[in-house]
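Here the structure comes first, spelled out in structure tokens, and everything after it is commentary.
Here, each number is a calculation from the coordinates, and none is a lab measurement. Just so you know, these numbers come straight off a predicted model, no measurement behind them. Every residue, glycine among them, receives a Cβ derived from its backbone with ideal geometry; neighbour counts consider all protein chains shown.
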Amino acid sequence: MKKLVAPSVLAADFANLQRDIEMVNNSDADWFHIDIMDGVFVPNISFGMPVLKAISTHAKKTIDVHLMIVDPDRYIQTFADLGADILTVHYEACTHLHRTIQAIKAAGMKAGVALNPHTPIAVLEDIIKDLDLVCIMSVNPGFGGQSFIENTYKKVQQLKNLIEFSGASTLIEIDGGVTDQNANKLIEVGADVLVAGSFVFKSENPASTIENLKAIIN
Ligand code: DX5
Ligand code: ZN
């Protein structure tokens, strides 16, 4: 399978959001990665439903929503209605993760689980077969532009082993501090999808940065 790039809209220019969305539409990017933060689960607030609605009006690619909010069950149907194709919740924010995953699927979306840097892969052993995607956080969630945590490589390997051992078909996504410096190694250890915020949007030519990143990993 081709390896995927998902630009994180958190790093876009919000005063020129439509321009940046069209840039992604016309680029080699595969997905839109959308970070929803509530100021409780993480110390930052990003944007909410009206902004996602505006994004999904223009976005022509898969919408991958990363919820960094407490008690995400409250909003599963809302995000389905807003056009999310993939809905990822945090392991650390879900008391009844299995139920949450089933509810996401029942609402017609693919289901993902994100793990904070301190959360071991082993907690997914009994649910991996139900997951379409696991997002390994390679920074502490809450902000763009942070440095990549090196321990991520080991976790990707462990997750890849767990997926193969279980016969699951879960995609491995990496989120935080991704650049052309770590992309190759992440793919080598088993990653399928690379989220990139600052590296793409803060570069001089975001479309060619996406093109180069895609070329490096495929
Ligand atoms: C962090 C978010 C990331 C963020 C990545 O909490 O989940 O998606 O936008 O940004 P960069 O690529 O700048 O680290
Ligand atoms: Zn994210």
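Given the options I21, T170, A6, identify the residue whose Cα lies farthest towards the positive end of the charge dipole of the chain (+1 on Cβ of Lys, Arg; -1 on Cβ of Asp, Glu).
Of the candidates, T170 comes out farthest on the positive side.
Please give the Cα centre distance for region 1-78 versus region 84-103, rounded to the nearest Å.
Using only Cα atoms, the two centres lie 17 Å from each other.
Looking at L67, A54, A80, which one has the Cα that reaches farthest to the positive end of the dipole of region 42-84 (charges on Cβ: Lys, Arg +1; Asp, Glu -1)?
A54
Of the candidates L133, L115, L82, which one comes out as most mobile in a Gaussian network treatment of the chain with C-alpha springs shorter than 10 Å?
Judging by the Gaussian network model, the answer is L82.
How far apart, in nanometres, would the label points at T78 and N140 be if each is projected 7 angstrom from Cα along the Cα-to-Cβ direction?
Using points 7 Å along Cα→Cβ, the separation is 2.6 nm.
For region 4-217, what is the per residue volume of the convex hull drawn over the alpha-carbon atoms, in cubic angstrom?
Value for region 4-217: 107 Å³ per residue.
For labels at E22 and I216 in the simple 7 Å Cα→Cβ model, what's the distance in nm?
For E22 paired with I216, the spin-label model returns 2.8 nm.
Could you pull out the pairs from K60/K129; K185/K214; K2/K160; K160/K185 whose alpha carbons sit more than 19 Å apart here?
Exceeds cut-off: K60/K129.
About its Cα centre, how strong a charge dipole does region 4-217 have in debye, to the nearest 20, once Lys and Arg get +1 and Asp and Glu get -1 at the Cβ?
Roughly 140 debye, rounded to the nearest 20.
What order do you get for T57, T170 when you list them from fewest to most C-beta neighbours inside 10 Å?
Listing T57, T170 from fewest to most nearby Cβ atoms yields T57, T170.
Run lengths n ≥ 4 of DSSP H only: what is the helix-derived mean residue ellipticity at 222 nm for the chain, with -39500 (n - 2.57) per run over all residues, to the nearest 500?
Mean residue ellipticity at 222 nm (helix-derived): -9500 deg cm²/dmol.
Along the Cα-to-Cβ line of N161, 7 Å from the Cα, sits a label point; which residues in region 167-198 have backbone N less than 15 Å from it?
Counting only backbone N, you get 167, 189-190.
For q = 0.11 Å⁻¹, what log10 I(q)/I(0) does region 1-118 give under the Debye formula with an equal point scatterer on each alpha carbon and no solvent?
Relative scattering, expressed as log10 I(q)/I(0), comes to -0.35.
Starting from the amide H of V178, placed 1.01 Å from N in the peptide plane, find each other amide H under 5 Å away whose residue is 5 or more places distant or on another chain.
Those lying under 5 Å, H to H, from V178 are G197.
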